[in-house]
Amino acid sequence: MQACNYIQGQWKRASGQKAFEQRNPANLAEVTGQYADSSREDTLEAIAAAHAAFGPWRAKSTFERQTILKRALQLIIDRRDQIATVITKENGKTLAESKGEIDSAIKEMDFQIAEGMRMLGKTVPVEIGGTLAYSTREPRGAVGVIAPWNFPFNVPVRKCVPALMAGNTVVFKPASLTPGVGIVLTQALHDAGIPAGVFNCATGSGRNVGSVIVGDPRIKAISFTGSTPVGKGIQKLAAENLTPCQLELGGKNPSIVLDDADLDLAVAAIARAAYACAGQWCTSTSRVIATKGIAPALIARLTAEVAKIRVGDGMDPSTGMGPVCGTEQKRIILDYIEKGVAEGARLHPGMEVPQEDSGKNCYLKPVLFTEVTPRMTIAQEEIFGPVLSVMTVDTFEEAMALANDVPFGLASSIFTRSLGHALTFMEKTDVGLAHVNIMSSYKEPQLEFGGVKESGAGLPEAGTSGIHFFTEHKVCYVKYR
Ligand code: NAP
Ligand code: MG
C-alpha cells in the first residue's frame, strides 16, 4: 500500500505520484511501506492549508480543541499495540521499547492537553488610575514540526499537542526513516475529527519538505529535533523571517561515578542509558567518568552487563537490543568504533570490532571502550549508537571538568552518596537535564526538556514551556474610568 500525505483533511499522493520506500532494519529485504516523496509544491500546499485553517481553529474554544485531542489520545491508547509494531518495524527498537515510547507519549499528551486549558496570563496594578492591565498568551499561527526517527512517535506528540491546544495549526514532517509512524499519528488525529487543514503531514526529504517549511513566511514557529548541524541551518534560514525556533539537538552525555557510589545502582542505570534503543536516545549515556577506586569494579560489571545483551529482531520478545536505524547509521557507528580503536582506546576484552555484514540487516553488537582519553573522537563527538566510552580520573574535580569538556550540554548524571559532591555537580554541570543517582535519560512530562550549548536553543519542550513556545504575548491596558 502506498501511504499518502495528509493535506487539508485529504490523503493525497505526492505530485507526479513520486514515492520512496522504507525497509525494516532487522531485515532489509522487507519493505515496510511506500511513502509520498513530496515536492516543494506539495509542501507549499500543506503550508497554505495550515495557514488558511488558523483563523477558524483559533476561534474555537479551548474546550472544543481539548475534546478533539482527548479523542485522539483515546485512539492512541486503543491502538497501542498496532502503533508499537509500526515503530519496531521502522525504527528497529524492541516491541517493549516501542510500547514504552507510546506510554511516554500518552503521558506527555495528557499533560499538554491539560496545560492547554490553563493559558495563564497575569494582571498587575499600574500607575495610571482606572486601568486594568493584564497579559495574555495567543497562538502564533501555522507552525512547523520537524521530527527525528529515534522517537518517531513521542517527539511529534510532545510538539504537536501543545501547538494544537494553544490554537495553532501544524505542518508536520516526519523523519524519512520513520514516515509510517508519522502516518499513524496523523491517522489518530484524523479519526478524532481534527478539522481540515488544522493538522497536515507531508513526508519526504529535508530539502523539499523541511527547508520549505522553515523558509516560508506563513510559518510562525519551528519546532525541530535532530542533529546540531541541521538545527544550525534551520536557525539561519528561519532568521530571514524572524521565525522563532525550538531546537532540540545532539548530546554527548556523561555519567560520573565516584568511589562512594552504589555500584549496583550505577551499573544498572548506565547499562540501560547506554544501550536501550541501541544507544539512540539523544539522552543516552555515552561517556562514563569514573574515579580510580571504583573504575575496575565498574568496568568488570559493565562488561558483564554488555555480554548479557541479546541482539536481534525487536519483534522477538527475547531480544534485548534491536538493530540500529538504517544502513547509514550503522556505517557511521562502525566508523566511530574503528576510529576509537585507531586512536588507542581499548575495546574491552571479550569484544571484537563488529564487522560489516552482508548488508542484510542493521544489527550491531554493543561496545564498551575503556582507556578513553578526553581528546579522542569517541570522547567528543556524538556517536548515536550502542557505544560507551569509559574514562578514569583521580578526583571529583577532574571528573567535573571532563564532563563539561564537550560542545554539547543535553543530559548528565552523577552516582555518589556524597551530598556535597552531588550538589556541586548539580551547580556546575552544563546541561539542561541533570540527575543524581538516576540515569541520564530520565524525564517526566511536567518538567521542561531541552539542552544547552550545542544541544539546543530556544524555549525547551514539555512542561509549561511546551505551550509557551507556541504562543506569543500580548500586554493589554484598558482604561475604564
Ligand atoms: P537530522 O538529519 O538532523 O534530521 C532530523 C529531521 O530534520 C528529519 O526529519 C530530517 O529529514 C530533517 N531535515 C534534514 N535536513 C533538513 C533541512 N535542511 N531542513 C529542514 N529539515 C531537515 O537528524 P538525524 O541524524 O536523522 O537524527 C539524529 C540526531 O537527532 C542526533 O544528533 C540526535 O541527538 C538528535 N536528537 C535529539 C533529540 C533531542 O531532543 N535533543 C531527540 C532525538 C534526536 P530527513 O529524515 O528527510 O532527512
Ligand atoms: Mg540526517
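Structural remarks
- Crossing angle, helix 80-91 versus the chain [Cα axis fit, 0-90 degrees, rounded to tens]: 60
- Residue-normalised accessible area of region 56-195, expressed per residue, 1.4 Å probe, Å²: 35
- Whole-Å distance, taken between Cα centres, linking region 239-261 and region 298-317: 27
- For region 355-481, averaging the sequence separation of C-alpha pairs within contact (under 8 Å, six or more residues apart) and dividing by the residue count gives a relative contact order of 17 percent.
- Partners of Lys474 within straight-line reach, counting aspartates and glutamates whose Cα lies under 17 Å from its Cα and excluding those fewer than 8 residues away in the same chain: Glu138.
- Leading residue at positive end of dipole, the chain (Cβ point charges), from Ala457, Val431, Tyr480: Tyr480
- Within region 343-481, percent of DSSP bridges classed antiparallel, to nearest 5: 40
- Placing His435, His421 in order of accessible area, with the largest value first and a 1.4 Å probe, yields His421, His435.
- Charges were assigned to the Cβ only: +1 to each Lys and Arg, -1 to each Asp and Glu. The resulting dipole of the chain about its Cα centre is roughly 1500 debye.
- Ordering Pro349, Val86, Leu69 by Cα displacement along the dipole of the chain toward the positive end leaves Leu69 in first place; charges were set at the Cβ atoms of Lys, Arg (+1) and Asp, Glu (-1).
- Projecting the Cα atoms of Gln22, Ala49, Trp11 onto the charge dipole of region 5-70, computed from C-beta unit charges around the Cα centre, puts Ala49 farthest toward the positive end.
- Counting 0.36 nm for each residue step from Arg331 to Asp259 and taking away their Cα separation leaves a gain of 22.3 nm.
- Across the chain, the relative contact order, built from alpha-carbon pairs under 8 Å that are at least six residues apart, equals 19 percent.
- Inter-part distance where region 410-443 and region 380-401 are each reduced to a Cα centre, Å: 14
- Carbon-plus-sulfur accessible fraction, region 249-318 (probe radius 1.4 Å, protein heavy atoms only): 60%.
- The portion of the accessible surface of region 365-455 made up by carbon and sulfur, rounded to a whole percent, is 56 (1.4 Å probe; DNA, RNA and ligands excluded).
- Start at zero, step by 10 Å, and the Cα-Cα distances of region 111-241 spread as 12, 38, 29, 12, 6, 2 percent across the bins.
- Extension reserve of the Ala239-Leu423 stretch, reckoned as 0.36 nm per residue once the Cα distance is removed: 62.4 nm
- With eigenvalues of the C-alpha gyration tensor scaled by 5 and rooted, region 328-481, Å: 38, 22, 13
- With one equal scatterer per alpha carbon and no solvent term, the Debye-computed log10 I(q)/I(0) for region 283-408 at 0.12 1/Å reads -0.46.
- If you plug the beta carbon distance of Asp103 and Thr131 into 1/(1 + (r/R0)^6) with R0 = 51 Å, you get a FRET efficiency near 0.55.
- Distance (nanometres) between label positions extended 7 Å along Cα→Cβ at Asn437 and Ile309: 2.6
- Axis angle, to the nearest 10 degrees, between helix 228-239 and the longest C-alpha principal axis of the chain: 20 degrees.
- In a reduced charge model with +1 at each Lys and Arg Cβ and -1 at each Asp and Glu Cβ, region 261-322 shows a dipole moment near 220 debye about its Cα centre.
- Taking the Kirkwood radius as Rh and the Cα radius of gyration as Rg, region 63-154 has a ratio of Rg/Rh equal to 1.20.
- Counting every alpha-carbon pair across the chain, the share separated by more than 30 Å comes to 47%.
- Region 183-203 and region 6-84: distance between their alpha carbon centers, rounded to Å: 5
- Dipole magnitude for region 349-481: about 800 debye, using +1 per Lys or Arg Cβ and -1 per Asp or Glu Cβ, origin at the Cα centre.
- Length gained on full extension, Gln74 to Val452, computed as 0.36 nm times the residue gap minus the Cα-Cα distance: 132.6 nm.
- Calculated FRET value between Leu28 and Met117, using beta carbons and R₀ = 56 Å, to 0.05: 0.75
- Cα-based reach from Lys428 at 15 Å (exclusive), listing aspartates and glutamates while leaving out same-chain residues under 8 positions away: Glu397, Glu398, Asp405
- Protection proxy ranking of 118-124, 338-344, by the mean of other Cβ atoms within 10 Å over each peptide's residues and highest first, is 338-344, 118-124.
- Over region 123-203, relative contact order from alpha-carbon pairs under 8 Å, at least 6 apart, %: 28
- Put simply, region 398-481 fits an ellipsoid with semi-axes of 34, 14, 13 Å; these come from the alpha carbon gyration tensor as the roots of five times its eigenvalues, largest first.
- Using the Cβ of Thr62 as centre and a radius below 14 Å, the other residues enclosed give a net charge of +3, where K and R count +1 and D and E count -1.
- Note on the chain: antiparallel DSSP beta bridges, both residues inside, total approximately 40 percent of the bridges counted.
- Helix axis angle, 419-428 relative to the chain longest principal axis, alpha carbon, degrees: 50
The values are calculated or read from the model by the stated rules, or taken from the named source; none is laboratory data. From a predicted model like this one, the values you see are computed outputs, not experimental measurements. FYI the Cβ positions are ideal-geometry reconstructions off the backbone, even for glycines, and counts take in every protein chain you see. Quick note on the areas: whole protein, heavy atoms, side chains included, nothing else; ligands and nucleic acids left out. Shrake-Rupley method; radii C 1.70, N 1.55, O 1.52, S 1.80 Å.
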